[in-house]
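A.B. asks: Right, I'll just put the structure down here and ask away after.
Laboratory data are not the source of any read-out in this text; all were calculated from the coordinates shown. Please read all numbers here as calculations on a predicted model, not as lab measurements. No Cβ is skipped: glycine too gets one built from the backbone with ideal geometry, and neighbour counts run over all protein chains shown.
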Amino acid sequence: MAEQNAQESPAWSDSDVAPPVVEKKRRLPPFLDHFNGRDLKIFFRCWVAAWVACLLIFIHPSLESIGTATFFAALVLLMLPPSGVVFIYLLGALSLFIGICLAWAWGVITMKAAQAARPAAETQAKVAALQQLAVSQAHNSTYSPTEIAQRLVYDGYMLDARVTAVTFCLICTFIYFMARLRASNPKAALTSIFAIIISDLFLNYTPLLPSFAGTLPLTLVKPAAIGVGLGLACSILFFPQSTSHVVLDNMEDIVRLLQPPLAITANTLGKEEQPDPDQLRVTQAQIIQKYRGMVPALAFLPLDFSVGCWGAEDVASFQGPLRDALFAVLSLLDFNIARIAGQARTEDLLRRYVDERVADGQEKPAREVGEHQLTQLAELLNGFRSPDSQPLRKEVVQDLARTSATAIDACTEGLSVVQECIHLVNCRRWFQQPKSAEREQLQQRCDSALETLRKARSAFINDMSEILMGEHDQRMVDQAQQSRPLMFVLVFEEHISNTVEKTEALLARVSTVFQESTKVRLYLPTRLRYAASWASSKEVKAPGTQTTEDDPDRVSLDDVAKSAQEKFRATRGYRTKQRHPFSRAVLGIYHWFTCDEGLYALRMVVVTIALGIPGVIPRSASFYYRVKGLWALIMGQTGLVVYMADFTFSMIARITGTVIGGVLGLLAWYIGSANGPGNPYGLSAITAVVLAILIWVRLYLPPSLLQGGIIGAATFLLVIAYSYDDTHIPQYGNPGVGYSVFWRRLVLVLVGVTAAAILQLLPRPPSASRHVCKTLSRTVRTLSTHYALLLSVWGQGSNEGRALAEPLSLQVAESLVTLEGPIQLLKFEFSSSRFDSESLGKVNTLCRSLNRQLARLLLLSSSLSQEFQEQVARQTGLLDHRLVGQVMAVMGICEQALKTGDALPEILPTPLFKQAVDQWSRGRRGELISGEMMRDEGYRKFCVAASAYFGFLLTVDELVLVVKGVLGEAHLVGREGNWLLGDVERD
């Protein structure tokens, strides 16, 4: 049992069975694999909104009314497409306008303060001189005095150092805080971006203008409001989606994703050829990401307006059963990953440290990193290959595979019925509503699948017990090595049984709602009705209290969670000595300014000053205005990112997107206009075609390429819009037509990117590798706290572990999932850190495994009986102080190594797995696995608990080897009479 989590695959080997069915390859890449009804409806809605916004450019009255920035409406729709729920789209628009309003208000204050810095008499004298100069120049020109005065203003005639200084100080202060907001909270990205864009208008024009102009941002605010309005209208008019509709779509996708892992289990049991563990991890990540993407929408269900058979309360009731079924399938997938990866790892260790050494006559292999730990582990695994330890017979493996396949087929059928029920109710709300006969037929399938699941679980447990009893009678041994295959099968049996049980619960809930809610009706927000009923009725409990009628004295889950949370806080520890308050304040201020977010904000201020100063210098102000230097400033600001890996990839994506967008813009302009001034009909037609490409790119590109796609779309819009503006509403400073616009735009992008690159590199580039290392270090520390919490609640007979297992596990899992993108981008970073993308990806995977094992043990601390919890602690050493101290020490030193980059000592109390196996052998000496034990559900859970604990120790051991493989070893202990060699590192 001890090594079943990774080393029991030989028990299932069966070379006579055909290889598993190979899954068909995808015909289209993920970027193009969206030709389905749901995605095409979203695409059409977003495309219509963007195209109508572009049509405003070619309609002369609207162009004159809105101005040269009419294209900004389409740009807003590309940054915030109406691709989701109406309410969520409104929240995005609200965040956008919060940024605009904040910047507008601060800009007005800045403009008043800046113009007050120059005496009023001096300002009036300057304005009078401006008017005289404009009149004198108008005599020798075809322009009016007003047009000449406007040119003189934009050329910097009214510039004053005092006004410029006040403007830059106040605007840069605002930009600093907006940059910090963007760095600390990604959800506020739109708020920060649009606040900075509006601030740039005040930064550039306040020193130039002769008088107060509080409506300056209207040039961008009007098209932005139009764009948001078009998006809202299209969200309502074209295929509207309620929150419940989106949640049910996601639930349907999740149920569909749960079926392949079951098929993998059925097709690989007893087979010699096994799937790639990395592919299984990808499948696991897809399921987690899909569920994680659904969770935010669940929070909006109480505020949902929807039409259909199921309301928000019905949909929300599916979350718990679906989550349980998802965790059950993921646990089964974890089991398969550990089994397959463990077999490969075992074979490699035995080959390198046992078989080759014996064949070559060597006493020990050549030195390598982690040799001490690997040697001990190989010796342990070699002991498991003793003649007394035999795998299951081929006939037994075939019987187990056949029995489990029946239960898995029942689960697959149950999930398929759940998917059909959700699809029928969700996709036929308005038209082609299901008929009574169709609903009755599907209800019969639900009832049949439920009955099949109930029978399958009972038959599976009985058949497995009979098979194991027969195998047990053949063995009749009491040694731990002999019982390993049997206990391994018991763990597998519990995983399958749990999966069937959770699938049955999910199907039962869906079937009940499907049978009870059959009429299409309008559902209003439930939170408002709940608030009214709670205020008027004593029977309606306050939020959070979950007492039941059959158990009125039951303690509420809130109380249990609160008690568990207090215990969790207690396990965090405390410091014995606190700094003086003044010292803490000084250090806090220093760290606030020098943290990653603070340095990012400082860089934002510096790049703003560097790219904004040319616009307020008399010698360069005219040139800056004519070439639209404002766009270079915006590109430099948006080009800065918090970490270097993101910047490198962002810079490549921006330049590539600019070139591609410019080429598309030139094609669209010359196809739609030829050599003319711009045909509105031809441009409208060709713009519709190109926008289809750009909208598809915006919606379905991977997130890492999203910024390049938006920059490309912006370049396309700028080429079309500025070219059309130049020929229809000519103004001072227009960049020209066609190619002239493109190369100017490209130069501005290069200037902005170059300025951002200089500031990103100097004085010290912010390393994403160091950030990821620190984050993973904190994660290991958090997992150590969770381990301490497990030890605190194990064997106490309370529900504290269950109350905290899920929220703590999800919290850590979400933080680790968010690191996957930055870890992949490390390939584009130049860093002095020894950790690269591959090694940090391994650490991330191991942390996810540790998190799942601890969560499983915390759940079992509540469901496993007191007797079996004590047996687990006695036989595995779970509560042994010596082993606990070693585990804490090893996790602590890994945590510090990730943070500091120092090599680990050669001799550590690893492998921890070996010590637990020795404890297991001592604790089970003379004990038999009886038939009653194999039939006992509690004993199966005992096996799962032991499996999870051994898997936890194996993962900690693997974490040590990964860190050593990157950082090397220190404090080498000499062999053959040599003494301690000191701090000599082996890389």
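A.B. asks: Over region 219-303, what is the relative contact order in percent, taking alpha-carbon pairs closer than 8 angstrom and at least six residues apart?
C.D. replies: Contact order relative to length: 46 percent.
A.B. asks: A further question follows. Just need the relative contact order of region 768-970 here, percent rounded to a whole number, with Cα pairs under 8 Å and 6+ apart.
C.D. replies: Result for region 768-970 is 31 percent.
A.B. asks: If packing is taken as the average number of other Cβ atoms within 10 Å across a peptide's residues, how do 897-907, 647-657 rank, most packed first?
C.D. replies: 647-657, 897-907
A.B. asks: Would you mind checking the pairs K899/K964; K842/K964; K455/K502; K435/K519; K842/K914; K774/K842 and listing those with alpha carbons more than 19 angstrom apart?
C.D. replies: Check vs 19 Å cut-off fails for K842/K914.
A.B. asks: Roughly speaking, what is the centre-to-centre gap between region 281-313 and region 398-416 when only Cα atoms are used, to the nearest Å?
C.D. replies: Between the Cα centre of region 281-313 and that of region 398-416, the gap is 28 Å.
A.B. asks: Hey, another quick one. Taking the Cα-to-Cβ direction at L218 and at R454 and moving 7 Å from each Cα, how far apart do the two end points lie in nm?
C.D. replies: The answer from the label model is 7.2 nm.
A.B. asks: What's the exposure ranking of T173, T499, going from fewest to most Cβ atoms within 10 Å?
C.D. replies: Lowest count first: T173, T499.
A.B. asks: Counting other Cβ atoms within 10 Å of each Cβ, which chymotrypsin sites (Phe, Trp or Tyr not before Pro) in region 711-815 have at most 12 and sit in a DSSP loop?
C.D. replies: none
A.B. asks: Cα centroids of region 646-708 and region 442-456: how far apart, whole angstrom?
C.D. replies: 52
A.B. asks: Sorted from fewest to most neighbouring beta carbons within 10 Å, what does the list W592, W47 look like?
C.D. replies: The most exposed by this proxy come first: W592, W47.
A.B. asks: With label points built 7 Å along Cα→Cβ from the Cα atoms of R874 and E313, find their separation and express it in nm.
C.D. replies: 5.0
A.B. asks: Also, I was wondering about something else. Using alpha carbons only, how many angstrom separate the centre of region 841-872 from the centre of region 203-218?
C.D. replies: 62
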